[in-house]
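Coordinate-derived values only; no laboratory data. Note that the structure is a prediction, hence the values are computed from the model and not measured. Heads up, the Cβs are rebuilt from the backbone with ideal geometry, glycines too, and the neighbour counts pull from every protein chain shown.
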């Protein structure tokens, strides 16, 4: 039996390729996910090892607000120069260098635009000399307050050379410096990990990057001969006490890399989730393929039964074929995954401007490739194998295949499965299931898809009959319509694969469009300022502008009120919160058109705060409660709550007085609200506000409608990203249509020969196959659009309390999906149709 199975498999190489293609693509996604994350992990290991290679021990003050790499930007706590002197005098210390290092030095390029960053920081610090691994390539280090040096990466990106005037944004508004030096790193590197770096003199760096003259953010300590970094670390830590963090260079490298890996792990889980969807779709394709294969081998399997093969041997024969296909697909999928993972890593490297580590294949990629390839293929082959075992020996003497069984049991099973999935989804969406909520929703979606797939054969016949009538105006169209509906199970499985991909895309589109519409509606009703000052955040720091712009804006004729908006991550009674502040509280309430009790607030005293209602309810705070707040800088301060306002009354849920702004991590405004006098046109004032922002190129002034649309446009980017990631699942579904048609043509070789013999031309044969493909594809897309819209609407309804109050059905995109499905059908039919048209008529009639 084993020899017979392997010979049968090798005799039908096309069938082998078509059967394994879906598994190859699914395995590629899974193994590629591990390859890209492994490559990026080793890349960041190398980057941070290089960054701290010259550090034996590093000393920094404990941050006022601790923040992980993935949660936001941690603001360094400055400490006095006396600390550096204290460290220098400790035994075992060869040298101790006070450093200023902080993110937020944004160079304005020669084109007048701020250099952006998609990940690496934009560091500003003090020049301490070109020590290893630094190499001074041109010029010298800065010695005057109006001089800077930059790394070669920054110089290239900005288009500057020695002697040029370079504008730089820091904690202070734009200042212009003379470029006197450019440095790189050993090995010909222009930067470490794509970081942009600017070096000032020490006093200027302390003022512009720390806002604390005479202070440092860290100390780099070198150990004397004969003392280990660990021993020196312990000695320095004992001398400085608990207010300082003392770590070896290796510790810093490991911790920094670990924090990045946490985010990459989440990224990997997302990729694996989409890979799971692709494999789920692939199961339908493989199931259909093996079903057709079993139908084609009915006579062959019956002969084996007649010659004495048992049912178990027949099942084994089909499963051996599945294992062989799974193994081949796993190998090819792993190879494709290595290529795809390497390509994705290279894309990330160019996007983030980092030098990638060599592409590697981790054990997880190899193991997952073979486990997934084998398991998915064998699971999908089980049902066809069981069906093959039921073929009676007498079928060897019949000229027709075994007829399909009734759909009653399948439909009842589908109804029960769909009900179970809908129940789980309902509990997850509308009930309080605690930690199990996410799993209930995901499980409910998965089980619901299976239920719909089981019900698809019942639905397919009437719907396909109706769709097919669109093409029944010709004989090929009528034949194609009849062919697409002749085997409901096969048609349903093919359509179900396409249904899943389109349902997920449609569901996500419904949710995102609903969220986008709800956001725009809410923002339009709340945001009453006619002009907004804001920018696009392209790094950990939000864009900022000169606070003086607000005062100048107030002086423009026609401006009724203007206020700057500041924000910081603080500790409020020991819990991290985003706190807001404004330079003019009364101006903010007027520009924002605040109503209700909050409108009566004309300002906050130095010891007063105002709290949003939801935030107050969460903490149990009321008017009169005292709250201790630690901002990113300064010392803890205890405030008294003087007002609790509705959440939509102000653009923030915890407002501090303007006196607190000096202790914020960023002491410049990130937004601006401008209200005009009644009857004053926005077009008359907006150009004047824009002119005031000439020295703040990170931000721009827009009318409020444009601002709302720009914020809502972020949802379109999410939809596009999800469509790309789900594209593989849809591609597999398209291959399923191709596969089904190709194998169906092989199965119907004799029938096609007879049709050609009675007068059906080649072009008519091709049109018949094309109609069959288009009807199946449109049916799958129609089902996907309906299921996706329903699930998307259900999820949106469940998120009503979270601010998504509108349900939007994207009719234009859903219509586009249907049109694309028809095009997919035409494309999918090309190869099978050509093959059918080229059949030798006499050979096809004689085909057995």
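Here are the numbers for this structure:
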read-out	value
Angle in degrees between helix 811-828 and the longest Cα principal axis of the chain, rounded to the nearest 10	50 degrees
Kirkwood-Stokes translational diffusion coefficient of the chain, alpha-carbon pairs, 37 °C, 0.692 mPa s, µm²/s	104 µm²/s
Crossing angle, helix 488-526 versus the chain [Cα axis fit, 0-90 degrees, rounded to tens]	30 degrees
Order of 42, 633, 122, 161 - criterion: other Cβ atoms within 10 Å of each residue's Cβ, fewest first	161, 42, 633, 122
FRET efficiency for residue 419 and residue 62, using Cβ-Cβ distance with R0 set to 60 Å, rounded to 0.05	0.60
Stretchable slack from residue 812 to residue 797, in nm (0.36 nm times residue separation minus alpha-carbon distance)	3.3 nm
Fewest-first ranking of 573, 617, using other Cβ atoms within 10 Å as the exposure measure	617, 573
Pairwise label distance in nanometres, residue 537 with residue 189, each label 7 Å out on the Cα-Cβ vector	2.9 nm
Within region 546-692, percent of DSSP bridges classed antiparallel, to nearest 5	80 percent
Alpha carbon centroid spacing (whole Å) that separates region 322-385 from region 57-119	41 Å
Paramagnetic reach from residue 239 in region 87-102 [backbone N under 16 Å; point 7 Å along Cα→Cβ]	87-99
Projected label distance in nm at residue 618 and residue 555, using a 7 Å step from Cα toward the beta-carbon	4.1 nm
From the C-alpha gyration tensor of region 230-294, square roots of 5λ in Å	55, 10, 6
Residues 464, 148 arranged by fewest to most Cβ contacts within 10 Å	464, 148
Contour excess over end-to-end distance, with Cα ends at residue 525 and residue 635 and 0.36 nm allotted per residue	35.8 nm
Relative contact order [Cα under 8 Å, 6+ residues apart], the chain, whole percent	16 percent
Mean separation of Cα contacts under 8 Å (6+ apart) over length of region 127-209, as relative contact order %	41 percent
Inter-centroid distance (Cα atoms) of region 519-551 relative to region 560-596, Å	12 Å
Share antiparallel - DSSP beta bridges, the chain, percent rounded to 5	80 percent
Structure-based [θ]222 nm, the chain - -39500 (n - 2.57) summed over DSSP H runs of at least 4, per residue, nearest 500	-19000 deg cm²/dmol
Volume per residue of the C-alpha convex hull in region 50-260, rounded to whole Å³	122 Å³
Region 532-575: C-alpha pair distances exceeding 14 Å, %	62 percent
Between helix 2-11 and the chain: long-axis angle, C-alpha atoms, 0 to 90°, nearest 10	80 degrees
FRET efficiency estimate (nearest 0.05) - Cβ-Cβ, residue 432 to residue 222, R0 60 angstrom	0.60
Relative packing of peptides 45-54, 593-602 - highest average C-beta neighbours within 10 Å first	45-54, 593-602
Segment residue 710-residue 138, length gained on full extension (0.36 nm per residue, minus Cα span)	201.7 nm
Shape call, region 33-103: gyration tensor on alpha carbons, a/c limit 1.5	oblate
Separation of alpha-carbon centers, region 658-720 and region 266-288, rounded to whole Å	42 Å
Rounded if a/c under 1.5, otherwise prolate or oblate - region 636-676, Cα gyration tensor axes	oblate
In range of the label at residue 116: residues from region 318-362 whose backbone nitrogen is under 18 Å from the point 7 Å along Cα→Cβ	347-354
Ellipsoid equivalent to region 546-692 - semi-axes via the Cα gyration tensor, in Å	29, 17, 11
Two-site FRET efficiency, residue 386 against residue 355, from Cβ-Cβ distance with R₀ of 51 Å, rounded to 0.05	0.40
